[in-house]
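Asks: Structure below; questions to follow.
The values are calculated or read from the model by the stated rules, or taken from the named source; none is laboratory data. Every value quoted in this text rests on a predicted model; they were computed, and no experiment measured them. Every residue, glycine among them, receives a Cβ derived from its backbone with ideal geometry; neighbour counts consider all protein chains shown.
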Amino acid sequence: MNKIKKLYMTYVILSFLGISIILFIVSSRLVAYFKTADKTIIQFRPANQTKLLYQPSYTWEPLQNEGREMEKHTLKKITKDYLASYYYQNETLAGRKTAGLKDHFTEKSRDKVMLAAFETEQQQQEIRSTTIAHDLTLDFYSEDGTLVVLKDTNISHYQLFENEQFILSGYDTTSYDVMLLLEDNFWRIRHKVRSETEIPMSVSTSNECTKTEGKHFLVDNVRFISKGINYYPADFPWHLFWDNVNASLLNSDFGLIKSAHFNTLRVFVPYEKFGGAEVQEEYIIKLGNLLDIAHKHKLKVIITLFDFFLGYDVNKWTLSDRHTEGIVTRFKDHPAIFSWDIKNEPDLDFESKGKETVMEWLSFTCKRIKSYDPNHLVTIGWSSPEYITTLKNDVDYYSFHYYKAPEDLPTYLKADFDKPLLLEEMGQHSYSSWWYPFRKTKEDQYQYLSELTKVIRENTISYAIWTLYDFRKIPDNVVGKIPWRKNIQKNFGLIGNRNKKKKAFQLMSDFNKIYL
Amino acid sequence: MLLTGKRQIAGKLPGISYAIDIQEGARLRLLVLHSFGLHSWQANAAECVVSFPTSSELWNHSGEVELKLFFENQLLSEEKLTILPDTSYAPLVEAYCGPKQILTGGEDFTMVIGTGVDSLDNPWPRGTAVDYEYLFKRTFKKRSVNTKTLHSYTRFFSDDESGTPVITVASHGSSHSEFNVTLYPNRPETFSLEYDRSHKYADGKQVTAIKTSVIKDELRNIIADGTLVYFKIVSNLGTTTYATAGMVNGIATIRLPAPKEAMLWTVQAFIEDYTKSTESSIEYLPSVKPYPVAFEEGMMKIGPIKGFSYQFVPDHTEINITLCHKDEHYKTVLYTAGGKATFDPEKLNLTRGLYDVVLNCGGQIAYKQILVQ
């Protein structure tokens with residue numbers, strides 16, 4: 001009887017726990033459902049906020065227009081209104097309702113956009129598009145200042161979805177003849193005609209300070225093997241880095257890195273921290289100082305852009321492009337830069353943002369970085385080696401992150417690699433705690449790296465180890481709040497707490513010294 | 001190979017067809033990039049031909065269209081097709097004119113912009129002739145200008161006479177509703193002032209009308225009604241008065257009350273940033289006749305004081321009295337009653353001595369010496 005009672009009690013408790021868990025999951029899903037919009041619906045025109053949403057690059061050809069002489073402030077307003085018209089047109093074609101269409105198209109031309117959107121919707125298609133760069137020529141400005149005719153040669157990108165499935169994508173370079181009328185203080189498009197002439201965009205030339213030759217890197221025309229290290233200071237990893245870093249700390253750490261015969265650093269540029277589309281000068285100066293100090297220590301730097309960035313959607317491309325332009329153009333001639341890494345582990349976003357969406361953005365950003373800085377290499381730091389060749393035409397060298405068994409590494413080194421390879425992150429943690437079943441010791445770390453470096457040497461691969469220091473604290477948004485995940489991440493360093501060098505530090509130092 | 005002709009008329013495209021060597025039933029996709037976006041259709045290949053049902057109104061937009069043919073996301077063909085505006089019917093004329101107010105004299109101009117659009121709102125092709133006509137009194141100007149990209153334009157310079165010219169824009173037999181442009185007179189010429197008043201005495205009551213001559217530009221056009229004229233009146237006593245008036249029939253008029261005492265006004269009028277009048281003077285005489293002043297039994301007796309038409313001045317008329325003795329000055333004010341006033345110097349607690357007394361009533365000055373005991 002007692003046994004039956006116990007079983008009964010166990011059954012009740014388990015049932016209660018089970019029902020509670022189910023209720024919790026269902027209610028959290030419900031809350032998430034109602035708090036997440038299916039599609040973004042822009043109910044109100046974000047007055048004067050188009051700049052926050054859409055910033056394609058543009059250039060005006062020297063003004064030689066017929067009619068009235070153009071005023072500077074009027075040209076600024078025309079530019080603002082004309083570029084904004086593309087934002088609203090693209091939003092409409094993507095099936096999103098935008099009140100702004102009315103402000104940027106006259107009634108008759110608005111009908112044409114609406115018609116195109118209607119046709120698309122009828123076929124259950126969705127067109128996600130954006131313009132990237134506009135080359136504008138003012139043809140005519142009327143004497144009363146209410147009418148302009150301009151020619152716009154623009155590069156645009158489009159993605160076609162059918163029944164919510166990605167179908168195809170492409171780039172388009174086209175010229176348009178456009179007539180705009182000033183109505184209610186808005187320059188509205190009256191006529192827009194796709195014209196026959198196409199003006200090629202300017203192509204920038206490279207000084208080729210870093211380049212590749214077959215499977216090898218060349219820096220200033222000398223063969224180069226990157227013996228790199230991912231760098232954050234012990235006290236200021238991730239988001240804490242850029243607000244706390246100072247020259248003396250960098251000098252001391254870079255000196256230490258150089259003493260261990262590393263020749264390359266990898267640092268991260270968080271998208272939001274650097275100001276997003278409006279890159280903050282304060283952080284540009286900090287990045288510049290870091291590069292100067294690295295150069296002083298004869299270290300090359302891989303800059304990983306777009307850290308903690310999720311704006312892959314086409315309608316936000318212009319914002320990420322302004323971020324790219326703001327940083328890359330500033331440092332395109334800096335002697336410390338080895339390469340630009342577009343994004344850290346973008347394949348981890350495939351599930352949440354859609355593989356095609358992420359891949360299209362990566363391809364776009366590679367092209368844009370190449371156009372802003374033809375002097376340096378471009379890569380993508382994949383989390384998994386299976387994706388490394390997917391954008392092979394866009395990257396200059398392959399890179400992925402490797403934390404698996406050293407002996408398995410050769411299986412990922414495909415014979416058909418036609419470009420250099422860099423293991424952008426690799427390493428082993430040394431976290432051991434009595435309660436953690438997968439604990440590793442400093443000796444384990446040493447063993448792992450000694451085996452991995454053998455494989456690296458046999459295959460002549462460049463690498464960047466993760467990381468210099470064990471971290472004292474890690475922000476929650478890096479690996480979450482789960483303690484064992486945080487603790488593992490804290491213990492990947494070659495230098496442990498109280499700045500005590502682990503055995504692996506000497507191993508890497510010795511290896512770097514002999515690895516040529 | 002694209003079977004459809006590469007130059008099509010807007011709204012009249014029968015469909016897009018390709019001759020293609022592909023297995024029958026293959027599902028092909030056509031991507032079309034046009035002026036206002038892009039579009040895609042799918043169709044099955046049949047007997048080496050694939051036809052896309054393109055009854056879409058998207059073909060209504062003129063301009064270049066890019067066609068891309070895909071099979072299983074492989075680009076098979078990339079062609080360009082030009083959609084031309086439908087010119088088989090007379091165009092609708094789209095025209096803009098401005099500025100609508102210009103100045104006479106031949107230097108100022110209005111700009112007229114014209115273009116033709118077809119029934120589907122597509123601009124007519126480059127080189128379309130647009131006819132502009134300008135009609136005003138004895139002037140008739142006509143010219144034909146071909147469109148460049150989306151428009152043509154012309155300038156009509158102003159005539160010498162003010163008025164309302166009419167401008168028409170036409171193309172291939174259609175015309176736009178006419179534009180009316182107002183020709184305003186140009187920069188006004190220097191003008192003169194004149195004034196009108198009942199009498200010349202400073203009685204503080206009568207109204208003086210000061211008005212400009214008829215203000216005209218150099219081509220003798222009367223300056224537009226409502227043009228603001230600023231008047232500046234400076235008196236010989238150092239006071240300055242400003243007044244403004246709008247012009248009616250070329251004349252601006254202000255009305256001011258006469259001063260209360262004799263003075264000389266110097267008046268000048270301005271049209272800001274353009275021109276000014278000649279200076280004009282207006283003299284106001286005292287409104288009071290010379291009056292007797294007597295000093296008897298320690299009292300000063302003033303009056304009777306009479307006005308310019310020999311009537312007694314109104315009760316409470318002001319008399320300013322100044323008493324001077326060596327470096328001492330005393331001032332006081334008296335008011336008349338029945339045309340007279342009395343003054344007792346003892347009330348001022350004056351020191352003994354001989355005083356010069358100056359009396360001023362309405363600008364009429366009288367002098368008297370008195371001995372204060």
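Asks: Take the residues in the stretch A:113-131 that are surrounded by 21 or more Cβ atoms within 10 Å (Cβ to Cβ) and more than 7 Å from every other protein chain (Cβ to nearest Cβ), then tell me which one is nearest to residue A:74 (Cα to Cα).
Replies: Checking each candidate, the answer is A:131.
Asks: Let me ask you something else. Among the residues of the stretch B:124-150, count how many are modelled with pLDDT of 95 or more and either facing chain A (nearest Cβ under 10 Å) or in contact with a helix residue (DSSP H, G or I) (Cβ under 8 Å, 6 or more places away or on another chain) (or both).
Replies: 0
Asks: Exactly one condition in (1) surrounded by fewer than 20 Cβ atoms within 10 Å (Cβ to Cβ); (2) more than 12 Å from chain A (Cβ to nearest Cβ) is false for residue B:120; which is it?
Replies: Result: residue B:120 fails condition (2) only.
Asks: Listed residues A:89, A:55; which is under 23 Å from residue A:119 (Cα atoms), buried (at least 17 other Cβ atoms within 10 Å of the Cβ) and assigned by TED's automatic domain parsing to the domain that holds residue A:132?
Replies: Sole residue among the options that is under 23 Å from residue A:119 (Cα atoms), buried (at least 17 other Cβ atoms within 10 Å of the Cβ) and assigned by TED's automatic domain parsing to the domain that holds residue A:132: A:89.
Asks: Of all residues being more than 7 Å from chain B (Cβ to nearest Cβ) and crowded, with 21+ Cβ neighbours inside 10 Å in the stretch A:141-152, which is nearest to residue A:186 (Cα to Cα)? Just the residue, please.
Replies: Ranking the candidates gives A:148 first.
Asks: Return the total of residues in the stretch A:467-513 being outside any helix (DSSP H, G or I) and of a type in the set (Val, Ile, Thr).
Replies: Selection size over the stretch A:467-513: 4.
Asks: Pairs under 6 Å by beta carbon, first residue within 22 Å of residue B:114 (Cβ to Cβ) in the stretch A:131-144, partner of a type in the set (S, T, N, Q) and buried (at least 21 other Cβ atoms within 10 Å of the Cβ), six or more apart or different chains?
Replies: none
Asks: Further question on the same structure: Would you check which residues across the stretch B:126-184 are of a type in the set (D, E, K, R) and in contact (Cβ under 8 Å) with a residue 24 or more places away in the chain and list them?
Replies: Once the filter is applied, which keeps residues that are of a type in the set (D, E, K, R) and in contact (Cβ under 8 Å) with a residue 24 or more places away in the chain, the stretch B:126-184 yields B:131, B:133, B:137, B:155, B:159, B:160, B:161.
Asks: While we're looking at this one, here's another question. Residue check, residue B:12 against (1) touching a helix residue (DSSP H, G or I) at 6+ places or on another chain (Cβ under 9 Å); (2) within 14 Å of chain A (Cβ to nearest Cβ); (3) surrounded by fewer than 18 Cβ atoms within 10 Å (Cβ to Cβ), all met but one. Which one?
Replies: Of the numbered conditions (1) touching a helix residue (DSSP H, G or I) at 6+ places or on another chain (Cβ under 9 Å); (2) within 14 Å of chain A (Cβ to nearest Cβ); (3) surrounded by fewer than 18 Cβ atoms within 10 Å (Cβ to Cβ), the odd one out for residue B:12 is (2).
Asks: Which members of the stretch A:97-112 meet the condition of being within 11 Å of chain B (Cβ to nearest Cβ) and crowded, with 23+ Cβ neighbours inside 10 Å?
Replies: A:105, A:109, A:112
Asks: I would also like to ask the following. Kindly establish whether residue A:460 is out of contact with any Asp or Glu (no Cβ under 7 Å at 6 or more places or on another chain), at positive phi and hydroxyl-bearing (Ser, Thr, Tyr).
Replies: yes
Asks: How about the stretch A:55-96: which of its residues are under 28 Å from the mean Cα position of the chain (by Cα) and within 14 Å of another protein chain (Cβ to nearest Cβ)?
Replies: Within the stretch A:55-96, A:85, A:86, A:87, A:88, A:89, A:90, A:91, A:92, A:93, A:94, A:95, A:96 meet the criteria.
Asks: Right, next: With part of a helix (DSSP H, G or I) and touching a Pro at 6+ places or on another chain (Cβ under 6 Å) as the only criterion, which of A:329, A:318, A:324 stands out?
Replies: A:318
Asks: Related question: Quick one: is residue A:342 part of a strand (DSSP E or B), assigned by TED's automatic domain parsing to the domain that holds residue A:239 and within 23 Å of residue A:170 (Cβ to Cβ)?
Replies: Yes, satisfied.
Asks: Further question: How about the stretch A:177-196: which of its residues are more than 7 Å from every other protein chain (Cβ to nearest Cβ) and closer than 27 Å to residue A:123 by Cβ?
Replies: A:189
Asks: When you go through (1) part of a loop (DSSP other than H, G, I, E, B); (2) without any contact (Cβ under 8 Å) to a residue 40 or more places away in the chain one by one for residue A:303, which number turns out not to apply?
Replies: Every condition holds for residue A:303 apart from (1).
Asks: State all residues of the stretch B:296-324 that are over 20 Å from residue B:261 (Cα atoms) and surrounded by fewer than 16 Cβ atoms within 10 Å (Cβ to Cβ); if no residue qualifies, say none.
Replies: B:296, B:297, B:298, B:299, B:301, B:324
Asks: Take residues that are among the aliphatic types (A, V, I, L, M) and tell me which of the strands (runs of 3 or more DSSP E) falling wholly in the stretch B:240-296 contain 2 or more.
Replies: B:240-246, B:253-257, B:263-271, B:293-296
Asks: Still on this structure, I have one more. Only one of A:351, A:360, A:345, A:325 is among the charged types (D, E, K, R) and under 10 Å from the mean Cα position of the chain (by Cα). Can you tell me which?
Replies: A:345
Asks: Moving to a separate point now. So if I check each of A:482, A:456, A:474, A:514, which one is of a type in the set (A, V, I, L, M, F, W, C) and over 32 Å from the mean Cα position of the chain (by Cα)?
Replies: Result of the check over A:482, A:456, A:474, A:514: A:514.
Asks: Quick one: in the stretch A:384-406, which of the residues that are modelled with pLDDT under 90 and in a helix (DSSP H, G or I) is nearest to the chain's Cα centre (by Cα)?
Replies: Within the stretch A:384-406, the match that is nearest to the chain's Cα centre (by Cα) is A:387.
Asks: Which pairs turn up if I take residues in the stretch B:86-97 that are free of Cβ contacts under 8 Å to residues at least 40 places away in the same chain and look for partners that are aliphatic (A, V, I, L, M) and surrounded by 22 or more Cβ atoms within 10 Å (Cβ to Cβ) with beta carbon separation below 7 Å, at least 6 apart in sequence or on another chain?
Replies: Matching pairs, first to second residue: B:96/A:147; B:96/B:113.
Asks: Another one. Mind checking which strands (runs of 3 or more DSSP E) fall wholly inside the stretch B:24-72 and carry at least 1 residues that are surrounded by 14 or more Cβ atoms within 10 Å (Cβ to Cβ) and facing another protein chain (nearest Cβ under 8 Å)?
Replies: B:27-34, B:37-44, B:63-71
Asks: Then there's this: Across the stretch B:186-219, what is the total count of residues that are outside any strand (DSSP E or B) and out of contact with any Asp or Glu (no Cβ under 9 Å at 6 or more places or on another chain)?
Replies: Result for the stretch B:186-219: 9.
This table checks each residue for (1) among the β-branched types (Val, Ile, Thr); (2) more than 26 Å from residue A:176 (Cα to Cα).
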site: B:4; (1), (2): yes, no
site: B:7; (1), (2): no, no
site: B:16; (1), (2): yes, no
site: B:21; (1), (2): no, yes
site: B:68; (1), (2): no, no
site: B:78; (1), (2): no, no
site: B:91; (1), (2): no, no
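Asks: Still on this structure: Just give me the residues in the stretch A:427-468 being closer than 25 Å to residue A:309 by Cα and not polar (S, T, N, Q), in sequence order.
Replies: Selection gives A:427, A:463, A:464, A:465, A:466, A:468.
Asks: Scan (1) surrounded by fewer than 19 Cβ atoms within 10 Å (Cβ to Cβ); (2) outside any helix (DSSP H, G or I); (3) over 28 Å from the mean Cα position of the chain (by Cα); (4) not basic (Lys, Arg) for the single condition residue A:431 breaks and write down its number.
Replies: (1)
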